[in-house]
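Readers should treat all values here as calculations from the given coordinates under stated rules, not as data from a laboratory. Remember, it's a predicted structure, so these values are computed and weren't measured experimentally. Methodologically, a virtual Cβ is constructed for each residue, glycine included, from the backbone with ideal geometry; neighbour enumeration extends over all protein chains shown.
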Amino acid sequence: MNAQAVLDFIEEIGVLKNLPRTGWRFRGIKDAESIADHCYRVSLLSMILADVLTEQDVPIDVEKVMRIALLHEVAEARIGDLPFPALEYIPEAVKEAGEHAALESMFKGFGVLQQKYIQLWEEFEKATSIEAKLVRAADKLELMIQVLEYEKLGYKSLDKFWTNPWNYRRFDDSPLIQEIMNLLYQRRKDLA
């Protein structure tokens, strides 16, 4: 790997700071969070959840958690953010294949690190490790936190996020995550 490959990659993923998460735009949120905004908070949430598990003597690789969290949306710099309703028309396998191809290309000049990073991303996609499952749960939990924040700002078109079971996958793996969700439900109820 050389300096050019690193700089090209970092410049390319900079687009994530300017790409809004599309699902929010579909719901009429004009100043929606960027993909990078989402990734930052998923990373922090993943770190905290992993550290809690470590304190509970659960064997988890916190460094791996952080790597997965940082990589989980990288392909969106090329593919964009496909919101949940789009999956009705673009099968998950097609989306995953496109993201995989984007990653192959994006990490092309990274030598042996190319496969390392792609493997971590694949773990996230397939939830094949405790670390990947934790990041997937943090990804959805961060989404639900953001939903509540938009509702606090007065947006009323977000009920489907609360009723979509896809947004709660992996939550039963952790009592702490379920407890946080219960707090979110209560705070939402208090808004009414």
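Quick look at the numbers
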{"read-out": "Distance from the stretch 145-192 to the stretch 21-48 (C-alpha centre basis), Å", "value": "14"}
{"read-out": "Interchain or long-range residues, amide H under 5 Å from LEU19's placed H", "value": "ILE35, ALA36"}
{"read-out": "Straight-distance crosslink candidates among lysines, where the alpha carbon sits under 23 Å from LYS126 and sequence neighbours closer than 8 are dropped", "value": "LYS64, LYS95, LYS108, LYS116, LYS140"}
{"read-out": "Per-peptide average of other Cβ atoms within 10 Å, ordering 35-44, 104-113, 20-29 highest first", "value": "35-44, 20-29, 104-113"}
{"read-out": "Relative compactness, the stretch 60-156, computed as alpha-carbon Rg over 2.2 N^0.38 Å", "value": "1.19"}
{"read-out": "Relative contact order, percent, the stretch 3-137 [alpha-carbon distance under 8 Å, six or more residues apart]", "value": "27"}
{"read-out": "³J(HN,Hα), Karplus 6.51/-1.76/1.60, whole Hz, each residue of the stretch 10-19, x for Gly, Pro", "value": "4, 5, 5, 6, x, 4, 5, 6, 10, 8"}
{"read-out": "Those aspartates and glutamates that a straight Cα-Cα span of less than 20 Å connects to LYS189, excepting residues fewer than 8 apart in one chain", "value": "GLU142, GLU149, GLU151, ASP159, GLU179"}
{"read-out": "Computed FRET value (nearest 0.05) for VAL58 with GLN186, which takes r as the C-beta separation and R₀ as 30 Å", "value": "0.65"}
{"read-out": "Partner lysines for LYS17 [C-alpha distance under 18 Å; skip if fewer than 8 residues away on the same chain]", "value": "LYS30"}
{"read-out": "Long-range HN-HN contacts of ASP81 with modeled amide H, under 5 Å", "value": "THR22"}
{"read-out": "Projected area averaged over orientations for the stretch 29-73, convex hull of C-alpha atoms, nm²", "value": "3.4"}
{"read-out": "Computed Rg/Rh of the chain, alpha carbon atoms with Kirkwood Rh", "value": "0.97"}
